[in-house]
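For reference, the structure discussed in these notes is given below.
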């Protein structure tokens, strides 16, 4: 009898251990976000009990681009009907269902609520580059998701995302994938994981470029970005806006290799690399590798405000990435 009891205990322990292993190896599944922007327009009148709503940040740049920053949210943990009524004239859930057919919030793997902040650069048709950070708020914990991609003049956003850690059930979370959705005041974006063990492979033409913060030196700026896609990317152009007080750009380097030593006057320039005559590898970034751009200026000290600079990098493969900051 003791032997049978011991055997049953061992079997139960093995089953429990197996369940833990399976749970820890479970793959991220598709999810979506449906919500509304909260700072595109100010309310017609102040809302009692709420802080003043700050209009979205928009700035027209000398290069002809518009840089922007928006905030958005959706779901039971963050929905605020007073805010939705003031901005859009309808309760939050009615608003989301009426425009997208889906309720506000996150559905699928991160079932619950979300908030996000997004930055980008667009042209006069509102086509351009966007990136940002999402906080997923669920009953099982919170998770952080970064995204980076492009918006078309037709109001479609596409790109790649990566999940970076979290708490609760999402401790040590990792994952990546692609997304597609609509850009606008009320939106729905669908996210599809890829590349994980046992899951679908990421598309070979996927462009996944994520940039870091801008580093400011006495006479130069440095911006590092990573190619997290599945193929080598080739730079086709670099557009940069900078303050006139810095003087001209005297040199541009990619990973220590000079790609321009022309004197480029402020306040903006586009460096066309489509007819590059040097070694092709000098303007390429391999998959899963970092690259660092350096811009050297004539004068020092240069402006130490990141918001004084915007950078857009386009690739011959048809994608782009950007650095944007606001005060």
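Just so it is clear, none of the values below were taken in a lab; they were calculated from the coordinates. None of these values were measured; they are calculated from a predicted model. With ideal geometry, Cβ positions are generated from the backbone for all residues, glycine too; neighbour counts draw on all protein chains shown.
Kindly evaluate residue 325 against the criterion of being outside any helix (DSSP H, G or I), more than 16 Å from residue 251 (Cβ to Cβ) and touching a helix residue (DSSP H, G or I) at 6+ places or on another chain (Cβ under 6 Å). Give the steps one after another, and end with the answer.
Values: outside any helix (DSSP H, G or I): yes; more than 16 Å from residue 251 (Cβ to Cβ): yes; touching a helix residue (DSSP H, G or I) at 6+ places or on another chain (Cβ under 6 Å): yes.
It is true that residue 325 is outside any helix (DSSP H, G or I), more than 16 Å from residue 251 (Cβ to Cβ) and touching a helix residue (DSSP H, G or I) at 6+ places or on another chain (Cβ under 6 Å).
For residue 259, state whether it is touching a helix residue (DSSP H, G or I) at 6+ places or on another chain (Cβ under 7 Å) and within 21 Å of residue 214 (Cβ to Cβ).
It is true that residue 259 is touching a helix residue (DSSP H, G or I) at 6+ places or on another chain (Cβ under 7 Å) and within 21 Å of residue 214 (Cβ to Cβ).
Give the residue, chosen from 306, 267, that is out of contact with any helix residue (DSSP H, G or I) (no Cβ under 6 Å at 6 or more places or on another chain) and surrounded by 13 or more Cβ atoms within 10 Å (Cβ to Cβ).
Numbers: 267 fails: out of contact with any helix residue (DSSP H, G or I) (no Cβ under 6 Å at 6 or more places or on another chain).
Answer to the selection: 306.
Just the residues that are surrounded by fewer than 21 Cβ atoms within 10 Å (Cβ to Cβ) and assigned to a strand (DSSP E or B), please, taken from region 209-224.
The answer is 210, 211, 215, 216, 220, 222, 224.
Being within 26 Å of residue 202 (Cβ to Cβ) and surrounded by 19 or more Cβ atoms within 10 Å (Cβ to Cβ), is that true of even one residue in region 84-100? Walk me through it before giving the result.
Just the residues of region 84-100 that are within 26 Å of residue 202 (Cβ to Cβ), to begin with: none.
No, because not a single residue in region 84-100 is within 26 Å of residue 202 (Cβ to Cβ) and surrounded by 19 or more Cβ atoms within 10 Å (Cβ to Cβ).
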